[in-house]
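The values are calculated or read from the model by the stated rules, or taken from the named source; none is laboratory data. Computed from a predicted structure; not experimentally measured. For neighbour counting, all protein chains shown are included, and Cβ atoms are generated from backbone atoms with ideal geometry for every residue, glycine included. For the accessible areas, the whole protein counts, side chains as well, though only heavy atoms, and no ligand, DNA or RNA atoms are used. Shrake-Rupley method; radii C 1.70, N 1.55, O 1.52, S 1.80 Å.
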Amino acid sequence: MTVVAEQSVSARVREFLAGTKLLYIDGEFVDASSGRTFVTYDPATGERLTDVAHGEAADIDRAVRAARRAFDEGPWASMKPNERERLIWRVGDLLTERAAEFGQLEALDNGKSAAIASAVDTAWAADVFRYYAGWATKIEGSTVNVSMPFAPGGQFHAYTLREPIGVCGLIVPWNFPLLMASWKLAPALAAGNTVILKPAEQTPLTALLLAEIFEEAGFPPGVVNVVPGFGDAGAALSAHDDVDKIAFTGSTEVGKKIVDAAKGNLKKVTLELGGKSPNIVFADADFDVAVQGSLNAWLFNHGQCCVAGTRLYVENSIFERFTEAVAEAASRVKIGPGLDPTTELGPLVSQEQLDRVTGYLRDGLADGARALTGGKRWGETGYFVEPTVLVDVEPEFSVVREEIFGPVVAAMPFDADDGIVTAANDSIYGLAAGIWTRDISKAHRTARLLKAGSVWINQYNGFDTAMPFGGYKQSGWGRELGAAAIDLYTQTKAVNVAL
C-alpha cells in the first residue's frame, strides 16, 4: 500500500481557503465577537488549511436572536409553502453545480476521497434538499370526528394543524459534515423553521461554503445561520432558552450532555448517536458478495461511520476461510490522500482520532486479539491507520464492546444451532445490523429479532432518502430521513370549534 502526492485543488477551492472563514449570521459573514480564530487542518498531511472564526456563546446568542426574528417577524413566517419549496430545491441544484468544489473541500478538511465526496456525499445532500423541498407543500393536518359525550346534542368542527417548532439548533459531526447538515437543514426548513447550524470544529469548511449556497439561493436573512466553534458553542446552543429544538448527531457521551443542557426550557431533542453494529454472515451466504460487503461495512468512510459493521459474526464452518478472505481484501486497499482519485482508504480526521484508534488497537492486542492484517498506524505523515482485522477476541474486549470509529473490525465465530441474536444484541447500541444469507425466511426471522433501527440484508449501508434512520437503545432518539423527519420539526395543534 503506497501513498501518493496530493493533486492540486481547483482555483475556486484555493480562493475559498485563502482568507479567514467567517461566521454566517443574519445573512452576513461576520467575525466572531471575540475576534478569535482557530485552525483547521488537512488530515492527510497534518498541515494548516485555513483559519476559521471561533464562535462562542455570544455568537450563538447573536445567531439565535437572528433566527428568532426571522421566524417571528421576517418574511419566512409568511412565505407560502411553494415559495419555500423553490428555495430549498435551488439549494439542491447549486450543490449539484458545485459538487466537485464541495468534494475537494471535504477531502481536504475531512480526509475522505474527493471523488466519493462529490459523487456520494454531495450528490446525496442535493437529493435530500430536493426530496424535502417537495415536502414543503405536503405538510397537512386532519379533521377529527369528535363525540364530546359531556356536551350531548352539540355540533363541533375539530381539526389539527401541523406547525413548525420554531428556532432549531442543529449540531453535526465531522465524519459526514455536508451530508449530516443536509439531513437536518432540509426537513427543518421545509417545515418552516429557522436554524442555527453548528458544524464540528474539525470540519467546518463545507458548512461555511453551504452558507454561500443559501445566500445565493435567496434565503431571507436569519433563516439559516452557521456558527463554527467548539463544545462550548454547542453547549450554549443546547442550553439557550430561545431555542425550541436541538438535533444532534455525534457520540452517545456528548448526546447525554446535550439532553442535560436542553432541560432548562424542555426544548425538543432528537439524537443520532453511536453504534457498534453486528454484521452476521451465515454459512449459506454468497461467499464473494458477503466478503466484499462485509469489507465495506467497516471500511466505508475509513471506518468513521456510526453504523459501521465492526462486530463481524461468521458461522463457524466458514469462519477461518471468510476472515482470511476479508483480511486479504483489506490488505490490498489503496491508502492515500483524499485528492488522489485512486485512494480507497484515506486518513482519520485528526491527531486525536489517530491516538484513539491506535490506543484501541494496542489494548486489543494486549488483551489477546490477533491481527490477520494491519494493527498499527500507517506511515509517519498524516493520520493514517492500517485496515485491521482482529480475531481471537472475546465479548468483553474493548475492541468488541466500544465504538472505535476507525478501520478496525473484530471477527467472532458462531454456531447456528446456538443462535446469533443474543450475541448480536449484546450491546448498549442499536443503530444498524447486517445479515448475509440465501435463506430469505431466516433473514426475515433474524431481522425481526435484532434490536437495531436499520437492518440490511445481503447488503450493507443500504440507505435511501425516503427510508427512516435512527437507533434503538443508546443509539439515539427519533428518526431522520423519510417522512419521519418531518415529524421531528413540526408540532401538532388541535382546534375544536363549537358550531
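Per the Debye formula with a single identical scatterer at each Cα and no solvent contribution, what log10 I(q)/I(0) holds for the range 155-301 at q = 0.21 Å⁻¹? Debye intensities relative to I(0), on a log10 scale: -1.27.
A Förster radius of 60 Å combined with the Cβ-Cβ distance from residue 289 to residue 156 puts the calculated FRET efficiency at roughly 0.55. Taking every alpha-carbon pair under 8 Å whose residues sit at least 6 apart, the range 328-473 reaches a relative contact order of 15 percent.
Each of 490, 279, 221 was scored by the projection of its Cα onto the charge dipole of the chain, and the greatest displacement toward the positive side belongs to 490; charges sit on the C-beta of Lys, Arg, Asp and Glu.
Net charge dipole, the chain: roughly 1220 debye, given to the nearest 20, about the Cα centre with Cβ charges of +1 for Lys and Arg and -1 for Asp and Glu. Whole-percent P(r), the range 233-318, all Cα pairs, 10 Å bins from 0: 17, 32, 19, 18, 11, 3. Using a cutoff of 8 angstrom between alpha carbon atoms and counting only pairs six or more residues apart, the relative contact order for the chain works out to 19 percent. The slack in the chain from residue 355 to residue 10, taken as 0.36 nm per residue of separation less the alpha-carbon distance, amounts to 121.0 nm. Other residues with beta-carbon under 13 Å from the beta-carbon of residue 244 carry, at +1 per Lys or Arg and -1 per Asp or Glu, a net charge of 0. Counting protein heavy atoms only, the chain has 51 percent of its accessible area on carbon and sulfur, 1.4 angstrom probe. Run through the DSSP bridge list for the chain and note the antiparallel percent, rounded to the nearest 5. DSSP beta bridges in the chain are roughly 45 percent antiparallel.
Counted residue by residue at 0.36 nm each, then reduced by the alpha carbon distance between them, the extension gain from residue 376 to residue 86 reaches 99.4 nm.
Against the empirical curve 2.2 N^0.38 Å, the C-alpha radius of gyration of the range 284-348 lands at a ratio of 1.20. For the range 1-110, a Kirkwood radius taken over Cα pairs fed into Stokes-Einstein (25 °C, viscosity 0.890 mPa s) yields D = 146 µm²/s.
Under 11 Å from a point 7 Å along the Cα-to-Cβ line of residue 143: which residues of the range 154-172 have their amide N that close? Answer for the range 154-172: 157-159.
Between the beta carbons of residue 47 and residue 441, assuming R0 = 41 Å, the FRET efficiency works out to 0.15 to the nearest 0.05. Building the convex hull from the alpha-carbon atoms of the range 394-471 and averaging its projection over directions returns 6.1 nm². The range 139-155 and the range 245-285 have Cα centres separated by 38 Å. Please give the Cα centre distance for the range 118-137 versus the range 334-366, rounded to the nearest Å. So the two Cα centres are separated by 30 Å. Overall, the range 73-192 carries a charge dipole of about 260 debye about its Cα centre when +1 sits on the Cβ of Lys and Arg and -1 on the Cβ of Asp and Glu, all other atoms neutral.
In the range 239-380 the Cα-Cα distances spread across 10 Å bins starting at 0 as 10, 30, 29, 19, 10, 2 percent of all pairs. The separation of the range 445-499 from the range 20-52, counted between C-alpha centres, amounts to 35 Å. Normalised by the number of residues in the range 398-499, the mean separation of alpha-carbon contacts (under 8 Å, six or more apart) gives a relative contact order of 21 percent. By the scheme Lys and Arg +1, Asp and Glu -1, what is the net charge of all other residues having a beta-carbon under 11 Å from that of residue 233? Within the 11 Å Cβ shell, the charges total -4.
Which of 256/493; 334/473; 198/256; 21/112; 256/276 have a Cα-Cα distance over 26 Å? Those over the limit are 256/493; 334/473.
Of the trypsin sites (Lys or Arg not before Pro) in the range 181-273, which ones lie in a loop per DSSP and count no more than 15 other C-beta atoms within 10 Å? When the trypsin sites (Lys or Arg not before Pro) of the range 181-273 are filtered for loop state and at most 15 Cβ neighbours within 10 Å, 263 remain. When the alpha carbon gyration tensor of the range 437-499 is reduced to an equivalent ellipsoid, its three semi-axes come out at 34, 14, 12 angstrom, largest first. According to the Kirkwood relation over distinct C-alpha pairs, the hydrodynamic radius of the chain is 23.7 Å. A straight chain from residue 30 to residue 96 at 0.36 nm per residue would run longer than the Cα-Cα distance by 21.1 nm.
The residues of the chain expose, per residue, 40 Å² of accessible area to a 1.4 Å probe. Measuring how big the range 84-128 is from its alpha-carbon positions, Rg and Dmax come out at 10.7, 34 Å.
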